[in-house]
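The values are calculated or read from the model by the stated rules, or taken from the named source; none is laboratory data. Predicted model, so just to flag it, every value in this text is computed and none were measured. Backbone-built Cβ (ideal geometry, glycine too); neighbour counts: all protein chains shown.
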Amino acid sequence: MPMGSGGNRGSGRSGRGALLSRIAAALFGGYTLAALTSVAALALPLGTVEAVLAGMQASFGVYAGAVVWVFAARSAHRAWLGLAVAALPLLAAAGWVWMRTPA
């Protein structure tokens, strides 16, 4: 099949849109998960300095894992859904940290 014939799967507008959605999920969703992990680590029963360092270190792994997940998922919709499900417990822990922190 000639190169420009469009015979490969995922070509065209819908393929580009799904790819752009996955790239956005990897960049913004991964960053959001990493940031929530950093804040949620403050809920750990550690000293503040140790919790901050643990959160920073864990956030690198979470970001890398989110990027891998986004491109391994069957569809862009599942990628976003997986990121949202992973964010829920992190958001709960981060919310608890934000509520108990004095203003």
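Residues of the stretch 85-101 that are within 20 Å of VAL67 (Cβ to Cβ) and surrounded by 14 or more Cβ atoms within 10 Å (Cβ to Cβ): ALA86, ALA87, LEU90, LEU91. For the stretch 39-53: of the residues being in a loop (DSSP other than H, G, I, E, B) and hydrophobic (A, V, I, L, M, F, W, C), which is farthest from GLY29 (Cα to Cα)? My answer is LEU46. Based on this model, can you work out whether VAL39 counts as among the aliphatic types (A, V, I, L, M), at pLDDT 95 or above and out of contact with any His (no Cβ under 7 Å at 6 or more places or on another chain)? Spelling it out, it is not the case that VAL39 is among the aliphatic types (A, V, I, L, M), at pLDDT 95 or above and out of contact with any His (no Cβ under 7 Å at 6 or more places or on another chain). With respect to (1) without any contact (Cβ under 8 Å) to a residue 40 or more places away in the chain; (2) closer than 17 Å to ALA93 by Cβ, the lone exception for ALA43 is condition (1).
One residue stands out in the stretch 54-103 among those that are of a type in the set (D, E, K, R) and in a helix (DSSP H, G or I): the one that is farthest from the chain's Cα centre (by Cα), namely ARG100. If you go through the stretch 12-62, how many residues are within 27 Å of HIS77 (Cβ to Cβ), among the small types (Gly, Ala, Ser) and touching a Phe, Trp or Tyr at 6+ places or on another chain (Cβ under 8 Å)? Counting residues in the stretch 12-62 that are within 27 Å of HIS77 (Cβ to Cβ), among the small types (Gly, Ala, Ser) and touching a Phe, Trp or Tyr at 6+ places or on another chain (Cβ under 8 Å) gives 6.
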